[in-house]
Structures are given as structure tokens and as C-alpha cells.
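Nothing in this text is a laboratory measurement; each read-out follows from the coordinates by a stated rule. All values derive from a computational prediction rather than experimental measurement.
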Amino acid sequence: MNGRRVRLAVLAPLVVSTLAAGAVGLAVSPAAAAASPSCGVSRADGRAGLKVVGEDFESDKAVFIESAHGAQGTVRTDGDGSFSATINHARGTITARQVGGPEVRCGTAEQGGRKSAQEQYAAGYKAGYAAMRRDCDVQRLKGVTVNKNFREGFRDGAAAAEKKFCGD
């Protein structure tokens, strides 16, 4: 009987430590799991280009990007699992995926165009506001050769600054 107690005394810590190690392993796995990959689209320079940006993919691996209407491309993620690529003539839904990973919906080419238009307007507004604030006699849009969204933003920004800083 005494020999049996010794064996149990020796084995019990081993069993408990094995169970504890398994529980720690289970507790660490979900926390250590990477965030779900995500991506987005915006209009790139030029009418045909669409910029696709992603993050939280597996690092240093290829990502296949595809549009619903055939445009496609492949890009390699950086050490942080992020990527940026431009695909041409994309239309419809844009997706990205790595081998063995989930297919991620990035958005649509049309959404990318709208988002980019808003960004272009905001940049134009900021530039117009700053130009008029510096010099109330600034020639509006003189030498500004950018797209329609930027020009509209520039005009609106310049008008707001003129109203605030250049009163007669």
C-alpha cells in the first residue's frame, strides 16, 4: 500500500502538469490567432486602375486578387501581412485570398471610385482653403490641372476661406 501511494504521489504532479499545459495551450491558441484578413479598394491614378490594399493576411505569402469580371493580379504580403496592389480594368466585386485562407471581399470597383472622389474633393478643399487664406488675391484654380472632384473642392475651400479671412 505504501508503494502505491508513492507511485501516485509521483504520477499525480505529472498528470496535473500535463493537463495544465494543455489548458494553457488551448488558452493561448485563440489569443495568438491572427486577426481576420481585410482589404479595401480605391481608384488608382488613371481611369483603368484600381488600388487594392489589405492587412492581417499571412506574412510573406502571395495574395491572389480578382474582380468579378476577369481583372486579376497577384501580390506578396510584407512581414506584417499587409499588401498594396493595382489591378487594371476591374469591374464588379473585388476579392483577395491566400492559398488555404478565406476569400475576403474587398469591395466593388464602383465603391473604390466613389471613395476616391471624396478623397480628391477633400484634398482640393484643403488646398483651396490654404491658398485663399495665404493670399486673398490668389487666382482661383490658376495652374490647377487636376480632376473635376479636386477642382470643385478647391473652389469650395477657397470660397469658405474668402468668406472667413478676406472680408471687404
Q. Direction-averaged shadow area of the convex hull around the Cα atoms of region 48-168, nm²?
A. 9.3
Q) Hey, what did region 43-132 get for relative contact order, percent, Cα under 8 Å, at least 6 apart? A) 26
Q. Which cross-chain or sequence-distant (5 or more) residues have an amide H under 5 Å from the amide H of ARG91, H modelled 1.01 Å from N in plane?
A. ALA68, HIS69, ALA71
Q: With just the Cα atoms of region 85-130, tell me how far they stretch along each of the three principal axes, in Å, largest first.
A: 49, 18, 15
Q: Could you count how many Lys pairs in region 49-168 have their Cα atoms under 20 Å apart, skipping same-chain pairs fewer than 8 positions apart?
A: 10
